[in-house]
Amino acid sequence: MKIVFGKDCFWKRAFSGFVAFVFAVNAAGPSFAQAVTVSAPGQMVSLSPVFRPVVIKGVQLDPQNPFRFHFLVDQGDNKSQPEQLKEESSRLIKYFLASLSIPEKDLWVNLSPYEKDRIVPDEFGQTEMGRDLLAQDYLLKQITASMIYPDGETGRQFWARIYAEAQKRFGTTDIPVDTFNKVWIVPDKSVVYENGGTAFVLENHLKVMLDSDYEASRRNVEFQPSSPSQELARNILREIVIPALEKEVNEGKNFAQIRQVFYSLILATWYKKEIKDSIVNKAYSDRKKIGGVSVSAADKDKIYQEYLQTFKKGVFNYIKEDPDPVTGQNIPRKYFSGGVIGALRIDYKDEAQMTTAQRAYLDQAQ
């Protein structure tokens, strides 16, 4: 497998070479991935600065060898040495292989205290990609909870709007406000340039949605709130919290890993749908063969147990209760939960629609 690294807006070639990585159709060697690490239960997590991680931007097929892939890698803001970049690229290639092997319907994770038997599909949960998405989902919950902390910047804005709207609509702020909502990360837009045996990701954007909105769109129905106060809270969540979360998921360093996953997933999806007759597709794709990309099954259980501790303890080590400014009664502030969906649709652009930088990057990678 050939890896070409691009850097900065001019996509200059920084390194090319071969990475020793087993890609076997029937079986693969063992994986020695590092154990997953997650932030401690009850820890508040802040929004992060903009960061461009190492990602696989493109793939070229070898017409002489169907088992040989040439990966075009953008090193982003990563300042690592070539050997470290090759090691990280190997992890991204494992994401690509896992995306090939696992059926699209099984590409999801879901941390919920009420669905302990629906955390992640069995085989996907044993891959490095599934494990890393679980860790990102755990982080999503901590950040979402942190964002409605009443003394934080976003939290103050959120609760001020809650109080103001409640007083305006109901003549009081003494109403139950349910802020426990699932928040999903789902694919929004994926655009790929393809030419023969080459595919290059031009655009990749992820969307953050409340569970009620996701389910309504999935079923093509209109969401019906159970109460006026629930509608009020969710409207303000959509206006204040969700846009900030979506920006964090698509640009922040906290969610660099999920963007790495989706770039690899887009290219694997392109390969499965557009190169249907390849021997690799026929023998490997959607067959749940995870040898070489698997990790310890205990990793997903560790993440789930950490999440349950956070759910019980609260991100701020307590359940925050503040007096209502009008009635003086306490109102509890709870936090959210969430998930990640990996099924996606790809749009295509021809070469004429590519930017100069994208075209130059492809030219130097040929």
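A search for C-beta distances below 8 Å between a residue of the stretch 64-77 that is farther than 18 Å from residue 278 by Cα and any residue that is open to solvent by less than 10 Å² (accessible area, probe 1.4 Å) and part of a loop (DSSP other than H, G, I, E, B), counting only pairs 6+ apart in sequence or on different chains, returns 73/54; 74/54; 75/54; 76/54. Residue count for the stretch 251-275 satisfying the condition of being in contact with a strand residue (DSSP E or B) (Cβ under 8 Å, 6 or more places away or on another chain), open to solvent by 30 Å² or more (accessible area, probe 1.4 Å) and assigned to a helix (DSSP H, G or I): 5. Within the stretch 75-113, the set of residues being over 21 Å from residue 270 (Cβ atoms) and β-branched (Val, Ile, Thr) comprises just one member, 109. If I filter the stretch 57-76 for residues that are within 28 Å of residue 300 (Cα to Cα), open to solvent by 20 Å² or more (accessible area, probe 1.4 Å) and either assigned to a loop (DSSP other than H, G, I, E, B) or modelled with pLDDT under 85 (or both), do I get at least one hit? Within the stretch 57-76 (the criterion being within 28 Å of residue 300 (Cα to Cα), open to solvent by 20 Å² or more (accessible area, probe 1.4 Å) and either assigned to a loop (DSSP other than H, G, I, E, B) or modelled with pLDDT under 85 (or both)), the answer is no, since none of the residues qualifies.
If only residues of the stretch 70-101 that are over 18 Å from the mean Cα position of the chain (by Cα) and of a type in the set (Lys, Arg) are counted, the one that is nearest to residue 251 (Cα to Cα) is 79.
Could you tell me whether residue 173 is in contact with an Asp or Glu (Cβ under 7 Å, 6 or more places away or on another chain), open to solvent by less than 20 Å² (accessible area, probe 1.4 Å), at negative phi and touching a residue at least 24 places away in the same chain (Cβ under 8 Å)? So residue 173 fits the description; yes. The set of residues from the stretch 234-250 being open to solvent by 50 Å² or more (accessible area, probe 1.4 Å) and farther than 20 Å from residue 341 by Cβ comprises just one member, 239.
In the set (1) in a strand (DSSP E or B); (2) surrounded by fewer than 21 Cβ atoms within 10 Å (Cβ to Cβ), the condition left unmet by residue 185 is number (2). Mind listing just one residue for me: the one in the stretch 111-137 that is more than 10 Å from the chain's Cα centre (by Cα), among the charged types (D, E, K, R) and buried (at least 22 other Cβ atoms within 10 Å of the Cβ) and, of those, nearest to residue 99 (Cα to Cα)? Of everything passing the filter in the stretch 111-137, 128 is nearest to residue 99 (Cα to Cα).
Of all residues being without any contact (Cβ under 8 Å) to a residue 40 or more places away in the chain and open to solvent by less than 50 Å² (accessible area, probe 1.4 Å) in the stretch 78-99, which is nearest to residue 302 (Cα to Cα)? Just the residue, please. Talk me through it step by step, then tell me what you get.
Narrowing the stretch 78-99 to residues without any contact (Cβ under 8 Å) to a residue 40 or more places away in the chain: 78-81, 83-84, 87-88.
Checking the rest, the ones that are also open to solvent by less than 50 Å² (accessible area, probe 1.4 Å) come to 78, 80, 88.
Working: 78: 29, 80: 29, 88: 23 Å.
Selected residue: 88.
The set of residues in the stretch 124-170 being touching a residue at least 24 places away in the same chain (Cβ under 8 Å), among the basic types (Lys, Arg) and farther than 18 Å from residue 307 by Cα consists of 161, 169.
So is residue 164 open to solvent by 10 Å² or more (accessible area, probe 1.4 Å) and either among the aromatic types (Phe, Trp, Tyr) or modelled with pLDDT of 80 or more (or both) or not? Lay out the reasoning, then the answer.
Values: open to solvent by 10 Å² or more (accessible area, probe 1.4 Å): yes; either among the aromatic types (Phe, Trp, Tyr) or modelled with pLDDT of 80 or more (or both): yes.
So residue 164 fits the description; yes.
Figure legend. Inter-residue proximity from the stretch 235-260: first residues closer than 20 Å to residue 88 by Cβ and of a type in the set (A, V, I, L, M), second residues open to solvent by 10 Å² or more (accessible area, probe 1.4 Å) and outside any helix (DSSP H, G or I), beta-carbon distance below 7 Å, spacing 6+ or different chains. Indicated pairs: 256/51; 256/53. Within the stretch 276-301, the residues that satisfy the criterion of being in a loop (DSSP other than H, G, I, E, B) and either modelled with pLDDT under 85 or open to solvent by 40 Å² or more (accessible area, probe 1.4 Å) (or both) are 276, 277, 286, 287, 288, 289, 291, 292, 293, 295, 296, 297.
From the set of residues in the stretch 139-156 that are surrounded by fewer than 23 Cβ atoms within 10 Å (Cβ to Cβ) and assigned to a helix (DSSP H, G or I), which is nearest to the chain's Cα centre (by Cα)?
To start, the set of residues in the stretch 139-156 that are surrounded by fewer than 23 Cβ atoms within 10 Å (Cβ to Cβ) comprises 139, 146, 149-156.
Checking the rest, the ones that are also assigned to a helix (DSSP H, G or I) come to 139, 146, 153-156.
Values: 139: 10, 146: 18, 153: 25, 154: 22, 155: 23, 156: 27 Å.
Ranking the qualifying residues of the stretch 139-156, first place goes to 139.
For residue 108, the conditions (1) among the hydrophobic types (A, V, I, L, M, F, W, C); (2) surrounded by 23 or more Cβ atoms within 10 Å (Cβ to Cβ); (3) within 18 Å of the chain's Cα centre (by Cα) all hold with the exception of (2).
The values are calculated or read from the model by the stated rules, or taken from the named source; none is laboratory data. As the structure is a prediction and not an experimental result, all values here were calculated from the model. No Cβ is skipped: glycine too gets one built from the backbone with ideal geometry, and neighbour counts run over all protein chains shown. We work out accessible area using only protein heavy atoms, side chains counted, and drop any ligands, DNA or RNA first. Shrake-Rupley method; radii C 1.70, N 1.55, O 1.52, S 1.80 Å.
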